[in-house]
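What follows is a single structure, written as structure tokens, with notes after it.
Just so it is clear, none of the values below were taken in a lab; they were calculated from the coordinates. Just so it is clear, the structure is predicted and the values come from calculations on it, not from any experiment. Note: ideal-geometry Cβ built from the backbone for every residue, glycine included; neighbour counts use all protein chains shown.
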Amino acid sequence: MLLVGSTATIHAVTADSRRRYLPRDEAESRAASVALYLRMSQDTGTRRGEVEGLGIARQEAACRAEVERRGWTVDDGNIYRDNDVSASSSKPRPGYSALMRRVESGEVDTVVSWSVDRLLRKPVEMEHLIELVDGTTRLRVVTCQGMLNLETPEGRAAARVQAAFARQEADQKGLRQHLSEQQAVERGRPPRRRAFGYAKGGMEIELAEGAAVADAYRMLIAGASLATIARRINDRGLTTTLGRPWEPTAVRTLLLNARNAAIRTYYGEEVGPGTWPAIVTEDVYRQAVALLRDPARTTSGGSTARKHLGASLYRCGVCEAEGIDSTVRTAYRQAGARIYVCTRTRHLARLAGPIDELVIAVIEGRLRRPDVADVLATEDPELADLHEQAAAVRARIRRIEADYGDGEITARIMREQIDRQSADLAGIERRVAALTRSSRLAAVAGAADPVTAWRDLDVPARQAVVDVLCTVTLLPASAGRRPFDPSTVRIEGKGGASKL
């Protein structure tokens, strides 16, 4: 009640201030721009023999049906997906981030998702949506279980409860998975997720994939690049466990997976032997790890990698006659013919094709002989000793960690001792990598079919094998156009391969 003579002023309630407390009118209830958000923690379709993304497709079908039921429409460009993104992880969600940017700019006013726990992972994300509803965007959020009323205090309270329960379920699921993984570690069982090379369950080797994994290790140790290995696996018609083509980074991850050697890991740390069959021996796995982690490793498989067998490998016979050590390089004549010329001067120029064909024929002939495995020992005595030393260092590190866990040493002492042991281990692995690089032929000779193994290698790896087996010297050819004369190419065997 106003007193007579009072000067109180009544202000009109604006539309912006009313929207925090009143529902939309009929004109506002129509959706101008609808977007779908779809998320799966693990789309395991490929592991069940289904097409990748089938779980996401089921969500999309349900959301489209909800949109149609409400009389709305959605453009294909307004569908945002985050596949294999868990609710309990901290990984970014590219699809969700892109959607929120469009919501904040006013381009999208309605978001449809399967459920609250598909849309949100944290209660703070619900608060962000509420802020958007309070602002100028007038965001509407709909799930296949019903609409979230974020415009009234009661509706917001209900939405916050749903978000809290969604987070609680994600945390509970994460705890269950953690306990299950711990139990599997204690029993030496494989991780839940299928690894390439193993059948579902991880206790049996998948024959085609297992053979590809074993060949990948052999090729790496023989000197092949990761890009070459990826091409070979793709040529077999095999894909990753997610159904994607193989790339060098995926091959590196594959070869660094201790599961291939039946070694159980937990959060990246080796905890003991596994109970499943190994695809490769532990020694082979350790050699591969040493190579891949060696700072001196060259990774170029692109334009800077050597593409021709004789470049920087074949010797110049003219320089040799003068007592000078020199190799040849690749060049091209005006007509486009590839030739080998001396790296010092052009006093030697030979057509490259016939020479490479001759050298390849000689090398493959040597690899076909039954005594090829005896040319070099398949296991260098020093390499075997290094594997034993590395195993002893790893055992000492595990004992140090156990002593800390039992309270026998302090954290500072544990760190100091582990740092010293890790430095020793790094030195051993560098030596393993160096020995592995210097014994390319052993990996080829130890293969079931050495010639096929040789042909699988890229050019730098083939050069390493040629260099171990023989020395190739190019002599001057006779003047004029004459047929190729093999006697102008001197191929001399080295060491145990002296008889080519």
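Figures for the structure shown
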{"read-out": "Order of W246, W72 under a 10 Å beta carbon neighbour criterion, fewest first", "value": "W72, W246"}
{"read-out": "L148, L238, L256 arranged by Cβ crowding within 10 Å, fewest neighbours leading", "value": "L256, L238, L148"}
{"read-out": "Amide hydrogen neighbours beyond the local backbone of T265, cut-off 5 Å, H modeled", "value": "V271"}
{"read-out": "Amide hydrogen neighbours beyond the local backbone of T240, cut-off 5 Å, H modeled", "value": "W246"}
{"read-out": "Extension reserve of the A164-A423 stretch, reckoned as 0.36 nm per residue once the Cα distance is removed", "value": "88.6 nm"}
{"read-out": "Spin-label pair K91/R64, simplified geometry with 7 Å Cα→Cβ offset, distance in nm", "value": "2.6 nm"}
{"read-out": "Cα→Cβ-extended label distance, 7 Å offset, between V451 and T73, nm", "value": "6.6 nm"}
{"read-out": "Residues whose placed amide H lies under 5 Å from that of I339, excluding near-sequence neighbours", "value": "A331, Y332, R333, A352"}
{"read-out": "For segment 93-108, 3J(HN,Hα) per residue [Karplus equation, 6.51 cos²θ - 1.76 cosθ + 1.60, θ = phi - 60°, Hz, x = Gly/Pro]", "value": "10, x, x, 5, 4, 5, 5, 5, 4, 6, 5, 5, 7, x, 6, 10"}
{"read-out": "In segment 407-437, GluC sites (Glu not before Pro) in a DSSP loop with at most 13 other beta-carbon atoms within 10 Å", "value": "E408"}
{"read-out": "Rounded to whole Hz, the Karplus (6.51, -1.76, 1.60) HN-Hα couplings of segment 355-365, x for glycine and proline", "value": "5, 4, 4, 5, 4, 4, 4, 5, 5, 5, x"}
{"read-out": "Using a Förster distance of 35 Å, the FRET efficiency for T410-T275 (Cβ separation, nearest 0.05)", "value": "0.50"}
{"read-out": "Hits among lysines - C-alpha to C-alpha of K122 under 27 Å, sequence gap 8 or more where chains match", "value": "K91, K173"}
{"read-out": "Neighbour-count order for R64, R118, fewest beta carbons within 10 angstrom listed first", "value": "R64, R118"}
{"read-out": "Two-site label geometry, E125 and A208: point separation in nm, points 7 Å out along Cα→Cβ", "value": "3.7 nm"}
{"read-out": "Residue-by-residue Karplus 3J(HN,Hα) for segment 64-69, coefficients 6.51, -1.76, 1.60, Hz, glycine and proline x", "value": "5, 5, 5, 4, 5, 4"}
